[in-house]
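> The structure that follows is given in the form of structure tokens.
The values are calculated or read from the model by the stated rules, or taken from the named source; none is laboratory data. What you see is a predicted model; the values in this text were computed from it and never measured. Backbone-built Cβ (ideal geometry, glycine too); neighbour counts: all protein chains shown.
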Amino acid sequence: MSVFDEPAEEPDQIRDQLRQLFRYRALLVLGLLLGMLGGAAVSVLGGSTYTATGEVVVHAISTAPFEAGGVSADKQISMGTERQIAQSASVAAGAAKSLRISTDPAKLQRDLRVSNPPETQTLLFEYSADSADRASDLVNAFVQAYLDYRQDAATKRIDKTVSKLGDELKPLQDQRKVLDRRIANAGGGAGRATDESERSNLVSEIQDLQGRISSLKSLDTTPGDIVRKGDPPAFPSSPGLAMMLLTGAVVGLVLGILAAWVRSVLEPRVRSVADVQDNLRAPVLGILPRRQGGTGVLEVGRAGRGNRAEAYRTIAFRLAHDQRFAGRGSLLVVAPREHSDAVSVAVNLAGAFAEIGSDILLVEADLRTPGLARQLPVHPGHGRPVPGGWANGERLAVDAGVDGRFDLLPGREVPNPARALSSAEFARLLNAPSGPDEHVVVVTGPLLAHADGLAVAKQAAGVVVVCDLNEVRRDDLDRVWELITGAGGHILGAVLDKGSGPTLRRLSDGGPTHRKRGRGRPRAAAVTPPQPQPGTAPRTGPAPVAASPLDADTTTLRR
């Protein structure tokens, strides 16, 4: 395998995965509809949301009196701290008080958003409410409550500092008064000079404290300016109905795809032609188009010049040129479970073989509920019934229209079907063809319902398994392969049937994808030809061969 094979397979794998998801169209459509309904419900029941915006420029208050080094006031502002203050419960309580509402401050905080644009001293207040006026009132209330809180905090800090400085200033002033009296009453001498020196130092301290108090009282405590007032918004900020429908559709489609993927993973039925080939270990000989209403069992040569008739001819041509079957004569057509078209496939393959000039004997090996003769245009044939010998019974001629005729050995109820199908007479019937153009086509009941098919499979040259694309399960195909190969039979391939016209289930389930095997996939292993049983003559004709490259592909016959 070259290095270019794997990339070439990736588009096929992607297409196959998409086809598998689109098999469950009902889940995708249901998810889409539910998502749109949910979006519409949220838009209608949730109502419109309005967002008002207010903007404040924060001003710095000098903190030089409180700092030893007199650090620059601009560097003392922390916008992160201011943002936390604006979102605090104290500010929310102030806003509720200003509006005279009894709402819990914690509830008011839920719809408030405060942000700080990078490298600015600006706070952006946004408040969302169910009406434009309420959003405007609340955002303005929060802006004013923040400014009031910040100014009150600054004023309290200044007043507290002034009070402390005043407490320090009062004893100094009292001490100065005492020194003034002492200096006035004292005469000359060293004592007066000492008092005057002490008074001078005291006056210096008093002036310093008075200067600090005067500086604090002259500070501008304005916390900031309102740059934008929260006016009532003209349009709602919440998504409209169209946006909610689009969002709901996207979410619903994603959920539908997820549900379809889970359903695809858990699907017990076959999901592709390759699944049939892998589980049955045999190629798919053809895919029959859907049956049109009003057609009978026999479509080749009479009803049919349509797609199904051409599909039967293609399958018969492929079998006639398959080295594993050509020249060996007997062919078993069987379905895993109840499947009415297994009979139709056997009848039409017999008609197609007759069309290419072969002598065909169609054997109805359903000895429990026979009824094929009543569904076909039959004429008296040849051979007299032998008492107790169904295999040597009378044969009827089936009129296949322009394709000629072929013989039919109809089934009949017998006491022990298994013994009749395992009898020497029936074995001679299967091995009786004397030339490559003589074939025996046998149809039995469902293989997994009765063991009749196994009794025929071990004697027939090859087995064709008829599967319904909408019903066949992977584990059923595994069991069919195990039973037939275990009994010594050889599976030539499968015929897939799309069934009749569209039904509700087919509208919701697109059926398996027709994916072919990739180049790198392993081919089905060759089945060891059954060994002849003791006491029986070996079969004539070429031995079965391994699957050829043609067998690894499928004959996809689409309408």
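> Tally time: how many residues in segment 209-221 are loosely packed, with under 14 Cβ neighbours inside 10 Å and closer than 10 Å to Leu165 by Cα?
Residues flagged as loosely packed, with under 14 Cβ neighbours inside 10 Å and closer than 10 Å to Leu165 by Cα within segment 209-221 amount to 0.
> Also, I was wondering about something else. Name the residue that is farthest from the chain's Cα centre (by Cα), counting only residues in segment 115-133 that are over 20 Å from Ile77 (Cβ atoms) and surrounded by 17 or more Cβ atoms within 10 Å (Cβ to Cβ).
Just the residues of segment 115-133 that are over 20 Å from Ile77 (Cβ atoms), to begin with: 126-133.
Those still in the list that are surrounded by 17 or more Cβ atoms within 10 Å (Cβ to Cβ) too: 126-129, 132.
Values: Glu126: 38, Tyr127: 38, Ser128: 36, Ala129: 37, Ala132: 41 Å.
Here the residue is Ala132.
> Here's another thing I want to ask about it. Kindly indicate which of Ala260, Ala282, Ala249, Ala242 is closer than 27 Å to Ile484 by Cα, among the hydrophobic types (A, V, I, L, M, F, W, C) and at pLDDT 80 or above.
Among Ala260, Ala282, Ala249, Ala242, only Ala282 is closer than 27 Å to Ile484 by Cα, among the hydrophobic types (A, V, I, L, M, F, W, C) and at pLDDT 80 or above.
> Okay, moving on. Looking at segment 394-418, which of the residues that are within 13 Å of Val347 (Cα to Cα) and modelled with pLDDT of 85 or more is surrounded by the fewest Cβ atoms within 10 Å (Cβ to Cβ)?
Ala397
> For the structure I just gave you, tell me whether Val227 is under 30 Å from Gln109 (Cβ atoms), among the aliphatic types (A, V, I, L, M), surrounded by 14 or more Cβ atoms within 10 Å (Cβ to Cβ) and modelled with pLDDT of 85 or more.
So Val227 fails the test.
> Next question. Being more than 45 Å from the chain's Cα centre (by Cα) and at pLDDT 85 or above narrows it down to one residue among Leu447, Leu430, Leu483, Leu421; which is it?
Working: Leu447 fails: more than 45 Å from the chain's Cα centre (by Cα); Leu430 fails: at pLDDT 85 or above; Leu483 fails: more than 45 Å from the chain's Cα centre (by Cα).
After applying the criteria, what remains is Leu421.
> Find all pairs meeting these conditions: Cβ atoms under 7 angstrom apart; at least six residues apart or on different chains; first residue within segment 101-122 and acidic (Asp, Glu); second residue assigned to a strand (DSSP E or B).
If the second residue must be assigned to a strand (DSSP E or B), the pairs left are Asp111/Tyr127; Asp111/Ser128; Asp111/Ala129.
> Still on this structure, please answer the following. Could you check how many residues of segment 72-126 are in contact with a strand residue (DSSP E or B) (Cβ under 6 Å, 6 or more places away or on another chain), of a type in the set (Val, Ile, Thr) and assigned to a loop (DSSP other than H, G, I, E, B)?
Residues that pass the stated criteria total 0.
> Are any residues in segment 343-352 closer than 23 Å to Gly393 by Cα and surrounded by 24 or more Cβ atoms within 10 Å (Cβ to Cβ), and if so, which ones? Talk me through it step by step, then tell me what you get.
Of all residues in segment 343-352, those closer than 23 Å to Gly393 by Cα come to 343-344, 346-351.
If the condition is that a residue be closer than 23 Å to Gly393 by Cα and surrounded by 24 or more Cβ atoms within 10 Å (Cβ to Cβ), then Ser344, Ala346, Val347, Asn348, Leu349, Ala350, Gly351 are the ones that fit.
> In addition: Of these, Gln144, Gln173, Gln207, which one is over 17 Å from Thr53 (Cβ atoms), assigned to a helix (DSSP H, G or I), in contact (Cβ under 8 Å) with a residue 12 or more places away in the chain and in the same structural domain as Gly224 (by TED's automatic domain parsing)?
Within the list Gln144, Gln173, Gln207, the selection yields Gln173.
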